[in-house]
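Here is the structure we will look at, set down as structure tokens.
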Amino acid sequence: MKTPFRIGTRGSPLALTQANMVRALLAAAHDRDPLDFEIVPIRTTGDRVQDRPLAEIGGKALWTKELDRALLDGEIDCAVHSLKDVETIRPDAIALRAILPRADVRDRLVGAASIDDLPHGARIGTSSPRRAAQMRKLRPDLVIVPFRGNVDTRIGKLAADEADATLLAAAGLERLGRDDVGVAIPLDQMLPAPSQGAIGIEVRAADADAIATVAAIDDPDTHACVMVERALLAALQADCHSPVAALARIEGGRITLSAELLSEDGGAHVAGRIEGTGPAIAADLARDLLARAPEPVRQRFGG
């Protein structure tokens with residue numbers, strides 16, 4: 001392993017927390033000093049542009065393209081990502097070689113004790129098509145207002161009365177020591193985004209040293225589940241505009257994949273579930289969902 005081993009990351013508080021988690025795990029796995037692993041913050045377009053939804057300005061690539069460039073140019077040896085923010089199709093020269101054990105996959109509602117407790121016509125701050133559609137499905141009276149930024153920014157926007165409530169990932173809040181913020185929404189009410197709660201580590205596909213270094217901290221069960229969820233996105237030809245929720249779980253070597261597709265306004269939707277042993281189940285579930293989906297849903301996907 002080269003020293004220092006350079007860990008690329010976005011510069012947000014959550015991203016830096018996650019990069020430090022990776023550094024600690026790598027140091028422990030290789031019995032090395034944490035200082036042998038250097039954290040390299042890289043500012044991304046997604047961090048710079050905060051006034052418009054990602055889907056309008058380039059989608060998930062805005063979180064990854066600068067890190068991809070730094071990785072391919074040899075400025076960093078690996079890149080740490082929240083995998084729900086990483087586009088499904090990645091460059092051939094980049095390989096996802098480690099995924100950490102998954103944290104809480106649920107969303108948290110901030111601003112009310114439950115979705116039912118939101119007042120009629122409440123303003124929900126989110127720029128996620130999936131969260132917006134799911135909230136509209138549950139409460140058609142709700143008004144969606146664009147909302148981006150880190151945890152403190154979003155909480156500040158609530159305090160400034162820019163919205164009545166917002167949704168944040170439980171995993172991110174817990175990693176920041178903010179698990180007292182908001183109320184977790186049950187999974188039977190809202191499935192998460194594919195890969196939510198998972199931290200992924202990418203390296204150059206031809207860098208055998210880096211591959212061996214990060215593989216030491218890979219969690220096989222989380223890796224298997226996340227790859228099935230990402231395979232579902234690929235089979236659906238979903239993009240950043242597509243309201244899709246999915247969650248895979250593994251038990252006894254078998255994977256159960258649950259998913260929901262929605263129209264933008266949440267008025268039309270289809271859900272399904274499948275069980276099997278590998279990523280191929282994702283394509284089977286995608287075909288089933290698209291075959292049963294109402295037209296307003298199907299037109300958002302590959303059917």
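The values are calculated or read from the model by the stated rules, or taken from the named source; none is laboratory data. Since the structure is predicted, the reported quantities are computational estimates derived from the model, not experimental observations. When we count neighbours, we look across all protein chains shown, and the Cβ atoms used for this are built from the backbone with ideal geometry, even at glycine.
Yes/no per residue for (1) touching a strand residue (DSSP E or B) at 6+ places or on another chain (Cβ under 8 Å); (2) part of a loop (DSSP other than H, G, I, E, B); (3) at pLDDT 95 or above:
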position: Lys84; (1), (2), (3): yes, no, no
position: Ile89; (1), (2), (3): no, yes, no
position: Asp92; (1), (2), (3): no, yes, yes
position: Ala95; (1), (2), (3): yes, no, yes
position: Arg108; (1), (2), (3): yes, no, yes
position: Pro119; (1), (2), (3): no, yes, yes
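Go through the stretch 39-82 and give me each residue that's within 22 Å of Arg130 (Cα to Cα) and modelled with pLDDT of 90 or more.
Listed by number, the residues that qualify are His81, Ser82.
Restricting attention to the stretch 64-81, which residues are buried (at least 23 other Cβ atoms within 10 Å of the Cβ) and either part of a loop (DSSP other than H, G, I, E, B) or in contact (Cβ under 8 Å) with a residue 40 or more places away in the chain (or both)?
If the condition is that a residue be buried (at least 23 other Cβ atoms within 10 Å of the Cβ) and either part of a loop (DSSP other than H, G, I, E, B) or in contact (Cβ under 8 Å) with a residue 40 or more places away in the chain (or both), then Leu67, Leu71, Ile76, Asp77, Cys78, Ala79, Val80, His81 are the ones that fit.
Please go through the stretch 229-261 and pick out each residue that is among the aliphatic types (A, V, I, L, M) and in a loop (DSSP other than H, G, I, E, B).
Answer for the stretch 229-261, where residues must be among the aliphatic types (A, V, I, L, M) and in a loop (DSSP other than H, G, I, E, B): just Ala238.
Would you point out the residue of the stretch 152-171, among those that are surrounded by fewer than 20 Cβ atoms within 10 Å (Cβ to Cβ), of a type in the set (A, V, I, L, M) and touching a residue at least 40 places away in the same chain (Cβ under 8 Å), that is farthest from Ser195 (Cα to Cα)?
Ranking the qualifying residues of the stretch 152-171, first place goes to Leu158.
Can you tell me which of Thr256, Thr213 is free of Cβ contacts under 8 Å to residues at least 60 places away in the same chain and either more than 30 Å from Ala28 (Cα to Cα) or assigned by TED's automatic domain parsing to the domain that holds Glu38 (or both)?
Selected residue: Thr256, the only one of Thr256, Thr213 that is free of Cβ contacts under 8 Å to residues at least 60 places away in the same chain and either more than 30 Å from Ala28 (Cα to Cα) or assigned by TED's automatic domain parsing to the domain that holds Glu38 (or both).
Being of a type in the set (A, V, I, L, M) and surrounded by fewer than 16 Cβ atoms within 10 Å (Cβ to Cβ) is the filter here, so list the residues in the stretch 197-220 that pass it.
Ala206, Ala208, Ala212, Ala215, Ala216, listed by residue number.
Out of (1) more than 18 Å from Asp85 (Cβ to Cβ); (2) not in a loop (DSSP other than H, G, I, E, B), the odd one out for Ala206 is which?
Condition not satisfied by Ala206: (2).
Specify the residue that is surrounded by the fewest Cβ atoms within 10 Å (Cβ to Cβ); the eligible residues are those in the stretch 280-303 that are part of a loop (DSSP other than H, G, I, E, B) and out of contact with any strand residue (DSSP E or B) (no Cβ under 8 Å at 6 or more places or on another chain).
Here the residue is Gln299.
Just to verify a result, which residue in the stretch 262-274, among those that are part of a strand (DSSP E or B) and more than 19 Å from the chain's Cα centre (by Cα), is surrounded by the fewest Cβ atoms within 10 Å (Cβ to Cβ)?
Arg273
Regarding Thr277, is this residue surrounded by fewer than 16 Cβ atoms within 10 Å (Cβ to Cβ) and closer than 23 Å to Pro101 by Cα?
Criteria met by Thr277.
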